[in-house]
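Contents: one structure, followed by commentary.
The values are calculated or read from the model by the stated rules, or taken from the named source; none is laboratory data. Everything numeric in this text was worked out from a predicted model, so none of it was measured. Cβ atoms come from the backbone with ideal geometry, glycine included; neighbour counts cover every protein chain shown.
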C-alpha cells in the first residue's frame, strides 16, 4: 500500500484486521526516512460482524493512541504486525513531499478551512457496516479522502495565486476575507473536479455564485483599505487643458 502526504501533515495511523477475534493483537513500528524507527501503542476497537460470512467472522479496527507528525520529506514506512486471528504483517508506504502551501503567504487557508465548506467530503465510513451511527467527519483532507490532502494543498496554492493576482496589493485588513475566498475556491474545485453524487456540480455552481459576489466585496474592501481603486491599483488620469471656446461658434449666445 502507498499514500502521499505533505510535509508537516499529522495523521493517526490505523489498520482494519479482517478476520479478527479476541486474540488479535497489533503492533506498529514507524520508520521515518534517515531516522531511527520507533513503536506506537495501538488500541483495538470493538469486534464487528463481517456481513455474509459463514461461519461468523469479525473485523476490528486498530488505531494508534498518538498521531504521527510527518516532519521529513521522502518515504516513510508504517510496519503493522498482526498476531492471533488475522495474523500477518503489512507495510504502508507514505511518500511525504514538501507542501505546495508551504512558503506561501500566511493568509492562505489550510485544508480544514476548505473542508468546512464541503464536510461531506471528509466522511469516514464505519468499517463494520453501512449503518451511519459509527460514521464520523474528519473535517480535513488527508490520504484517506477523495481528493487527498496533497491535491487539496495544490488547489489552495492555485486559489491563492488567483486571488493574489486579482487583488494586488492586498491590504492586511483584507487578508481574512481573501483567505475565505481561497478556501471557497478550493472547495468549488473539489466539488467540480471530483463529483461524488448528482448534486456535486450544482453545489459547485451555487458556491461559485457566492464566490463571485464575495470577490466584488473583497475588491471594494481592499480598495477602501488602500485608498485606491481598480483592484487596489492607483490609476493616473490625464489632465487636459483647452483654450477658451470661440464665441462665434457658441450658438447658445444667440438664443
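So for segment 97-104 (the condition being over 30 Å from residue 155 (Cβ atoms) and surrounded by 14 or more Cβ atoms within 10 Å (Cβ to Cβ)), does at least one residue qualify?
No.
Can you name the condition, by its number, that residue 78 falls short on among (1) within 25 Å of the chain's Cα centre (by Cα); (2) surrounded by 20 or more Cβ atoms within 10 Å (Cβ to Cβ); (3) part of a loop (DSSP other than H, G, I, E, B)?
With (1) within 25 Å of the chain's Cα centre (by Cα); (2) surrounded by 20 or more Cβ atoms within 10 Å (Cβ to Cβ); (3) part of a loop (DSSP other than H, G, I, E, B) applied to residue 78, the lone miss is (3).
Working only within segment 211-227, note down all residues that are surrounded by fewer than 17 Cβ atoms within 10 Å (Cβ to Cβ) and without any contact (Cβ under 8 Å) to a residue 24 or more places away in the chain.
Residues satisfying the conditions are 212, 213, 216, 220, 224, 227.
Is it the case that residue 60 is buried (at least 20 other Cβ atoms within 10 Å of the Cβ), farther than 20 Å from residue 143 by Cβ and modelled with pLDDT of 90 or more?
Criteria met by residue 60.
I'm checking my understanding of the structure. Among residues of segment 64-96 that are free of Cβ contacts under 8 Å to residues at least 40 places away in the same chain and in contact with a strand residue (DSSP E or B) (Cβ under 8 Å, 6 or more places away or on another chain), which one is nearest to residue 156 (Cα to Cα)?
Only one residue fits best here, namely 65.
Can you tell me which residue among 68, 26, 118, 82 is modelled with pLDDT of 90 or more and closer than 30 Å to residue 169 by Cα?
Of 68, 26, 118, 82, the one residue that is modelled with pLDDT of 90 or more and closer than 30 Å to residue 169 by Cα is 118.
Mind listing just one residue for me: the one in segment 121-140 that is outside any strand (DSSP E or B) and modelled with pLDDT of 70 or more and, of those, surrounded by the fewest Cβ atoms within 10 Å (Cβ to Cβ)?
139
Just give me the residues in segment 8-49 being crowded, with 16+ Cβ neighbours inside 10 Å and assigned to a loop (DSSP other than H, G, I, E, B), in sequence order.
9, 13, 24, 32, 45, 47
Kindly establish whether residue 143 is modelled with pLDDT under 85 and within 20 Å of residue 95 (Cα to Cα).
It is true that residue 143 is modelled with pLDDT under 85 and within 20 Å of residue 95 (Cα to Cα).
Whether any residue in segment 184-196 is in contact with a helix residue (DSSP H, G or I) (Cβ under 8 Å, 6 or more places away or on another chain) and at pLDDT below 90 is what I want to check.
yes
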